[in-house]
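Student: I'd like to ask some things about the structure below.
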């Protein structure tokens, strides 16, 4: 079975693309099985990202010190993964927090936007083991 020295995944024109670098010949169904059992799916990656954002940020309805209402939401801008060891993957992701208040109206007073970029490390057992 081929051993992959390195690979990276990214989104290109709404397609999830993975590039694999190996020094060995890659062919046969066994290699596809190797990829499937060692890679994170896009759904798993998004679950990790959503889990981390909801744990770190205070989302939803909020009331400020002055008593004005607000609502905090987020949007994931992009993410990419890379294998940092045979047992660990690094997920780098970017997201934007949006704060809407009772004074938010388009186009003159849009919601406040706060961009963030984070990295998390996931092990082969699909557990978050660190962050950077």
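So that you can scan it fast, the table gives a plain yes or no per residue for (1) modelled with pLDDT under 95; (2) touching a strand residue (DSSP E or B) at 6+ places or on another chain (Cβ under 8 Å); (3) farther than 17 Å from residue 131 by Cβ; (4) not in a strand (DSSP E or B):
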site	(1), (2), (3), (4)
71	yes, yes, yes, no
82	yes, yes, no, no
91	yes, yes, no, no
100	yes, yes, yes, no
103	yes, yes, yes, yes
107	yes, no, yes, yes
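Student: Are any residues in the range 51-60 surrounded by 12 or more Cβ atoms within 10 Å (Cβ to Cβ) and either farther than 23 Å from residue 70 by Cβ or in contact (Cβ under 8 Å) with a residue 12 or more places away in the chain (or both), and if so, which ones?
Tutor: Once the filter is applied, which keeps residues that are surrounded by 12 or more Cβ atoms within 10 Å (Cβ to Cβ) and either farther than 23 Å from residue 70 by Cβ or in contact (Cβ under 8 Å) with a residue 12 or more places away in the chain (or both), the range 51-60 yields 51, 52, 53, 57, 59.
Student: Only one residue in 30, 65 is part of a loop (DSSP other than H, G, I, E, B) and either at pLDDT below 90 or loosely packed, with under 11 Cβ neighbours inside 10 Å (or both), so which one is that?
Tutor: When all the criteria are applied, what remains is 65.
The values are calculated or read from the model by the stated rules, or taken from the named source; none is laboratory data. Quick caveat: nothing in here was measured; it's all calculated off a predicted structure. Note: ideal-geometry Cβ built from the backbone for every residue, glycine included; neighbour counts use all protein chains shown.
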